[in-house]
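Colleague: One structure, as structure tokens, below. Some questions next.
None of the figures in this text is laboratory data; all of them are computed from the coordinates on show. Predicted model, so just to flag it, every value in this text is computed and none were measured. Here Cβ is always computed from backbone atoms with ideal geometry, including for glycine, and neighbour counts include all displayed protein chains.
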Amino acid sequence: MTLSFVRGPMKAWAPRVALALAFAAAIVWTGVRDARPGETAAFHAFAPFHDPAYSGLERAALLAVLAVAVGGLLYALLLVRQVTAADRGTASMQEVAAAVREGSNAYLSAQFRKIGPLIVVITALLLLTYSGSQPAFRWGRAGAFLVGALFSWTVGFAGMRLATIGNLRVAAAATRSYGEALTLGYRTGTVTGMLTDGLGLLGGTLIFMIYGLHAYEALLGFGFGGTLIALFMRVGGGIYTKAADVGADLVGKIEKDIPEDDPRNAATIADNVGDNVGDCAGMAADVFESYEVTIVAAMILGMASFGHKGVLFPLLVRGIGVLGSIVSTYTVRARPEDGSDSALHSVHRGFWIGSVLSVVGFVALGVGYLRFDEAYFATNPMARAGFPGGDPGALPFWAGLGLAGLDLRPALTCLLGVFLAVALNKVTSYYTHTAHKPVQGLARACTTGHATNIIQGFAVGYESTVVTLLVIAVTILASVFCYAGAPPMFVAYGVAMTGIGMLTLTGNTISMDVFGPVADNANGIGEMGYDPEEMERQEPGSYRRARRILSDLDAVGNTTKAETKGIAIGSAVIAAVSLFSSFIAIIAVGSEDRIAQMTTAQYMAEAGRLTVADPGVFVGLLIGGAVPFLFSAMLIRAVGRAAFFIVRECRRQFRDLAIWEGTKKPDYGRVVDICTETAQKELVGPGLLALAAPLLVGFLLGPYALAGFLAGMILVGQLLAVFMSNAGGAWDNAKKLIEDGHYGGKGSDAHKAAVTGDTVGDPLKDTAGPAINPLIKVMNMVSLLALGLVLQFNLTAPRGVSARWPGVVVVLVCLAAVVWAFRQSGREADGMTLDEDDESTAGARRSGLSAETTEPPGGRRRGAGVLAP
Amino acid sequence: MRIHLYAVVSGFEALIASQLEPEAFGLHMAVGTRKLTSGIISFLEIEPSFRHERFPLLDRLEEVCVLHPDGRPRASKYVSVYRVLEFLPLDAFRDLYLATPDGRVLRVAPSEGRPLDVAGPSLFQELCPLTPLVVSALGPAEYARHMTDESNPISVPRLFFADLRLERDAEGRLAGDLSYPSPAHLLECLGQVESGRGKLTKTVARNPSTQGFFRSVRRGFFLGDAGGVKWYPFPSREQLEVHHAWWWHSASAH
């Protein structure tokens, strides 16, 4: 029987096509209106290179940043060559790795086919909905969106592709030395890090070069493109990885008593593929969009506050960060005889080296560049408002060091961001590492049963959320303090620069993060691909040594992966908070073109209206707070649905005794296909929710409700994301602690309780939790991009009926989309029925040594793995 | 087709004829049979020429243990499911096979030389005909003799059991990776047999779970009666990881 979701695409496409057509119809009408009055001055491309406001040094610096961005990409290419040139191991190892690589490529190709049309539609919409008169801005917004989407896609795809190349090399290197294996694995991760740095910086720099201080629309488009792709890659990757993991475990470990990474389990390759698409591609795209959105936020707010220096400075800081990452990542290496402790020390040392280099660099840059004088104020009059009495000399000593015209506040808020990144690492590590009390207490709680483990895990997660939020709040307060007395846009700029500082070491962060799945996959390749007897014959002791090295690297990778999650979530809040100011500013002045003319009084008047005493704001707050919960529920249910199909397929294949005997390989490709198809299907609902919810609230309830919506969504999203990630991480490591030989070890009652906690926490920490980060930013971006139209066509605006009908259409379409997504989430998927033989969980086995095979109905479909018969 | 004889000695007790080779038989018993089986399966290959009046079906094996109509070999033909070990002499037993729940099978040959004769204290998991977890002041060979001595009020004609790990940390607690039930009670029982007050054995648990069993095996398996003891030495961790990697991968996970 063909899996019934073959006819699903028809059902899935229908609402999308309808939505797209409705949007297009509504927006084409608005697109033919006359331009609004009060248009800005004529636009000149590449203004920084012929506007006398920019000095020769600034133009050279801009070109230097571009060169650094390209340099980062070239460094990535160098590392690619190093990794691909490394030894590829034996034929059996290559076979396993090839199956994982093919499955990963099949997934990303399927995803590209799925969301590609949506990207084209949105590009067209951005083109059509621009209400200004400058064609350059219209094309810039849409083009930058497309470029942002493509860059985000490239980072995810290329990073994952190299990870599937690097994992084999790491497994091969482990047969020779620890140092070689660690270095290769870390450099594989560094490729993704450098792609993120390079492409993110390249995009922001090029946009500024072309548009100068008119880059607002293009920057938003760039940020939106990267964020949207990141959302889909995170959601799809998260569903894939957990469905494959849960499916493999449910049938393998629990039902059939087969251990992990056993080649007889048809889901084992999909499980390894999931590590790549979730932890490599999804995470890489996620951090890329954090990286670019923080640049976007800083540049937008820099334009509105300090003028062009406020825009250039974050780009230069990021350039310094790229250089720091290049130097520091190259220092991470281990000696042949090293173990996991020294390896972690080397990784952390690399991080500290990068931090020091970056901090010294951008503070020195600040001392040299952040000088404000009358000549600068003449061309950037808005900057004067940032200083007490309009005089830079009136700044306190810690901000100006007594030097004429110096304002170190942007550099200091960057420094706060670096501290925040380190602090979030520490907090996350404290609550999720086996060396600390929370996880140790959780392991001990397992000795009294499953329920106490779950209860305790909730407590650990809640507590970690509070501490994380306090750290972020203190950092924001410190940043605000730096700009105390300055107008709100300067304060917001300070918060944005904190985000810049936080992600200065993105190269190191992603290196540490991607290293995790690379090491995990390498361990799986070693498990399934090594020939122990042959290795021992060639060199006695080599097999056990190699397995120990891979196991150690896997442990290191798990640690580094967990530590970096806090940064991704924290950056979402920082970027969202700083962009919130833009949101208020646009409401205050009516359009993004007039932000620079906004007065403090206008801003404060609008900000003062955002009070929970306003029913619209309060309702928006409530709805915004609910959306992350609905989104998470959708994803978790999606994992369950996808896992159902995987379990059914694995059970079907396990009926073949030849697979148990090991004389016939399972059809890995079929399970990979199922994971790929269901992950793509399940993307649609959460994606629609992210796009439609803010539009629905904005057009239905007005801009103030939308502001409340954003605030509620940011706050609750942050809390939920941190809780899910940290609780899941704590449960996972409590299980590992017991498996390492505590409280009875594997098989004990404590271990069983720990497995329950780990199973509960897995979809939280690997699917729903990480996906909230891009959700926050997508909804932020959609709100900002649509705000101009919301102001004109929302249903609460005092206009005639005939002028509101575009808003009515948008509301109806978005409402239909949200309702559809909600209902889809609660449904059982087509084909979710059990066969007779599926009823038993422990004994649905056929007797005898039948050589008959049970060919999958419908034949093999696309994306079959190399190992499939 | 050749007919094999197997004595299943863990989980349940049976004498089974089969046309399958030992590894295939172990796979069948773990995952192939419709008789739902959980936990580990241990069985010993019996000398094919063995005959005993207690098992009359053995004289008709050629008639009853035949291929299926579709040509498949006969996986199992039960000869007896009661008091099997009692009537099998020690010299009828050949190799031991240990099957994991997912069908991986490890062959363990008996030791050629003298049976292992070391002193206690020891921890034994009796597997057939009874299944208690026992601490003893005796070593494995001595324990086998003690438990099969008819003058002992508690004795059995023949006994199959495993010698388990009993490592303790510096503070006297059981090592952290040993998943025995009620560690505190086990240590208390151990204290009693170590006290020197003449108590040679103490039952810790009547029929404990086999979770983590293979990770707990120390010196191996013993089959003894009043006339002697056969020792099936368990491979070292290194040998298991290198030469029996897939079996150990499964066994260590359960």
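Colleague: Would you grab the residues whose amide H sits under 5 Å from the one on A:Ser131? Only those 5+ places off in sequence or on another chain, please, with H modelled 1.01 Å from N.
Modeller: Under 5 Å from the amide H of A:Ser131: no residue qualifies.
Colleague: If you don't mind, there's one more thing I want to ask. Given a Förster distance of 51 Å, report the FRET efficiency between B:Leu200 and A:Gln440 from their Cβ-Cβ distance, rounded to the nearest 0.05.
Modeller: 0.80
Colleague: Taking the alpha-carbon set of the protein assembly as shown, what are its Rg and Dmax in Å?
Modeller: In Å, with Rg to one decimal and Dmax whole: 33.6, 115.
Colleague: Of A:Thr432, A:Ala86, A:Leu108, which is farthest on the positive side of the dipole of the protein assembly as shown, counting Cα position, with +1 on Lys and Arg Cβ, -1 on Asp and Glu Cβ, and the Cα centre as origin?
Modeller: Positive-end residue among those listed: A:Leu108.
Colleague: Projecting each Cα onto the charge dipole of the protein assembly as shown (Lys/Arg +1, Asp/Glu -1 at the beta carbon, about the Cα centre), which of A:Val495, A:Ser748, A:Gly56 comes out farthest on the positive side?
Modeller: Of the candidates, A:Gly56 comes out farthest on the positive side.
Colleague: First select every other residue whose beta carbon is under 13 angstrom from the beta carbon of B:Glu23; then total the charges, Lys and Arg +1, Asp and Glu -1.
Modeller: Every neighbour counted, the sum reads -2.
Colleague: Students often get this wrong: which residues of segment B:7-47 have the backbone nitrogen under 14 Å from the point 7 angstrom along Cα-to-C-beta of B:Leu57?
Modeller: B:7-8, B:13-19
Colleague: Here is a follow-up. Separation between the A:Thr379 and B:Arg72 pseudo-spin-labels, each 7 Å from Cα along Cα→Cβ, expressed in nm?
Modeller: Placing both labels 7 Å beyond Cα along the Cβ direction yields 8.6 nm.
Colleague: Can you compute the helix-only [θ] at 222 nm over the protein assembly as shown? Use -39500 (n - 2.57) per DSSP H run of at least 4 residues, normalise by all residues, nearest 500 deg cm²/dmol. Mind dumping the intermediate values first?
Modeller: On the way: 34 runs with 691 residues, N = 1123.
Helix-only estimate at 222 nm: -21000 deg cm²/dmol.
Colleague: Something else about it: Averaged across A:256-266, how many Cβ atoms of other chains sit within 10 Å of each residue's Cβ atom?
Modeller: For peptide A:256-266, the averaged partner shielding equals 5.
Colleague: Given a Förster distance of 56 Å, report the FRET efficiency between A:Arg349 and A:Met604 from their Cβ-Cβ distance, rounded to the nearest 0.05.
Modeller: FRET efficiency, A:Arg349 to A:Met604: 0.75.
Colleague: Right, another one. Please state the charge dipole magnitude for chain A, taken about the Cα centre, from unit charges on C-beta atoms (+1 on K and R, -1 on D and E), reported in debye and rounded to the nearest 20. Intermediate values should be presented prior to the final figure.
Modeller: Details: 67 positive and 69 negative charges, 261 e Å.
Value, rounded to 20: 1260 debye.
Colleague: A further question on this structure: Taking H placed 1.01 Å from N in the peptide plane, check which residues at least 5 places from B:His4 or on another chain put their amide H under 5 Å from its amide H.
Modeller: Counting only residues 5 or more places away or on other chains, the set is B:Ser18, B:Gln19, B:Leu20.
Colleague: Give me the dipole magnitude in Debye, nearest 20, for segment B:1-112 about the Cα centre, with unit charges on the beta carbon: positive for Lys and Arg, negative for Asp and Glu.
Modeller: Once rounded to the nearest 20, the dipole reads 380 debye.
Colleague: Follow-up. Hey, fewest Cβ within 10 Å first, where do A:Thr559, A:Thr379 land in order?
Modeller: Details: A:Thr559 24, A:Thr379 13.
If I rank by nearby Cβ atoms, fewest first, I get A:Thr379, A:Thr559.
Colleague: In nm, give the distance between the simple-model label positions of B:Glu23 and A:Leu150, each being 7 Å from the Cα along the Cα-to-Cβ direction.
Modeller: Taking the simple label geometry, B:Glu23 and A:Leu150 are separated by 5.5 nm.
Colleague: What number in nm² do you get for segment A:333-425 if you take the convex hull of its Cα atoms and divide its surface by four?
Modeller: For segment A:333-425, averaging the hull's shadow over all directions gives 8.0 nm².
Colleague: So, counting K/R as plus one and D/E as minus one, what does the shell of residues with Cβ under 12 Å around B:Ser155 add up to?
Modeller: -2
Colleague: Give me a single rounded figure for A:520-533: the average over its residues of other chain Cβ atoms within 10 Å of their Cβ.
Modeller: Taking all residues of A:520-533 together, the mean is 1.
Colleague: Turning to a different aspect of this structure: Arranged from highest to lowest average of other beta-carbon atoms within 10 Å per residue, in what order do the peptides A:197-204, A:607-614, A:444-451 appear?
Modeller: Highest to lowest by the protection proxy: A:197-204, A:444-451, A:607-614.
Colleague: Right, something else. Say R0 is 51 Å: what FRET efficiency, to the nearest 0.05, do A:Ser109 and A:Val474 get from their beta-carbon distance?
Modeller: It comes out at approximately 0.70.
Colleague: Summarise the partner chain shielding of A:658-664 as one whole number: the mean count of Cβ atoms from other chains within 10 Å of each residue's Cβ.
Modeller: Mean partner shielding for this stretch: 3.
Colleague: Going down the table (A:Lys253/A:Lys665; A:Lys561/A:Lys736; A:Lys256/A:Lys736; A:Lys665/A:Lys736; A:Lys752/B:Lys35), which pairs top 20 Å between alpha carbons?
Modeller: Those over the limit are A:Lys256/A:Lys736; A:Lys665/A:Lys736; A:Lys752/B:Lys35.
Colleague: Can you compute the label reach from B:Glu47? Point 7 Å from Cα along the Cβ direction, backbone N cut-off under 13 Å, restricted to segment B:95-110.
Modeller: B:95
Colleague: If you don't mind, another one. For B:Leu127, what residues show an amide H to amide H distance below 5 Å, using hydrogens built from the backbone and excluding near sequence neighbours?
Modeller: Under 5 Å from the amide H of B:Leu127: B:Phe160, B:Phe161, B:Ala162.
Colleague: Moving on. Could you give the nm distance between label points at A:Trp805 and A:Thr84, where each point is 7 Å from its Cα heading toward the beta carbon?
Modeller: Between A:Trp805 and A:Thr84, the label points sit 5.7 nm apart.
Colleague: What residue among A:Cys675, A:Phe224, A:Ala270 has its Cα farthest toward the positive end of the dipole of the protein assembly as shown, where the charges are +1 on Lys, Arg and -1 on Asp, Glu, each on the Cβ?
Modeller: Looking along the dipole axis, the top candidate is A:Phe224.
Colleague: Full-extension gain between A:Thr452 and A:Leu74, please, as 0.36 nm times their residue separation minus the C-alpha to C-alpha distance.
Modeller: Numbers: separation 378, 0.36 × 378 = 136.08 nm, distance 5.19 nm.
Stretched out fully, the A:Thr452 to A:Leu74 stretch lengthens by 130.9 nm.
Colleague: With 10 angstrom as the radius, rank A:Trp398, A:Trp352, A:Trp139 by how many other C-beta atoms surround their C-beta, starting from the fewest. Mind dumping the intermediate values first?
Modeller: On the way: A:Trp398 10, A:Trp352 13, A:Trp139 16.
Final ranking by Cβ density, sparse to dense: A:Trp398, A:Trp352, A:Trp139.
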